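Some notes on the structure that comes next.
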Amino acid sequence: MKTVDQLTELFRQQGLRVTPQRQAIFSLLHGDDRHPTVESIYDAARAQMQTISLKTVYQTVNDLAAMGEVVLLDLGTGSYRVDPNVEDEHHHLICTHCGKVRDVPLDLPDVRLPARYRRGFSVSAVEVNFRGLCDECAAQST
């Protein structure tokens with residue numbers, strides 16, 4: 001993910017306002033590989049800045065997604081996850097108990113959908129989600 005300064009410049013180039021709240025969000029996302037929920041970003045930002053709103057966080061991550069700087073993931077965990085890793089092809093490993101998400105840098109070139117199943121679709125991307133228990137949740141269940 002781009003640095004705070006790079007995202008600040010990108011927002012300005014797009015004619016978007018750059019506020020201290022938005023810069024706090026940029027800072028929280030930079031280097032975060034945990035795929036935070038929008039709500040957890042809000043909680044972390046609010047701890048630093050009482051004046052931030054949940055609407056600002058949603059708007060900022062949606063603006064970042066529209067620019068291709070993050071991907072918003074709906075992984076069935078109840079909340080959108082923000083994936084700042086847009087540089088590397090990857091899939092996801094998802095804990096079915098706690099919702100933890102981790103990148104899986106696998107290249108799966110042989111995953112293809114046979115024509116008989118496409119029925120009027122043109123496939124442009126493949127996303128694989130591996131589901132199971134993370135080590136912490138597995139240890140608690142024994």
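The values are calculated or read from the model by the stated rules, or taken from the named source; none is laboratory data. Just so it is clear, the structure is predicted and the values come from calculations on it, not from any experiment. All Cβ positions, glycine included, derive from the backbone under ideal geometry; neighbour counts span all protein chains shown. Each accessible area value is taken on the protein alone, full model and side chains, heavy atoms only, with ligands, DNA and RNA left out. Shrake-Rupley method; radii C 1.70, N 1.55, O 1.52, S 1.80 Å.
Quick notes on this structure:
- Counting only protein heavy atoms and a 1.4 Å probe, the chain has 65 square angstrom of accessible area per residue.
- Net charge of neighbours whose Cβ lies under 12 Å from the Cβ of E39, counting Lys and Arg as +1 and Asp and Glu as -1: +1
- Pairwise Cα distances in segment 18-83 exceed 18 Å for 27 percent of all pairs.
- The chain, accessible surface, carbon-and-sulfur percent (1.4 angstrom probe): 49
- In the frame of its principal axes, the chain has Cα extents of 50, 45, 22 Å, reported largest first.
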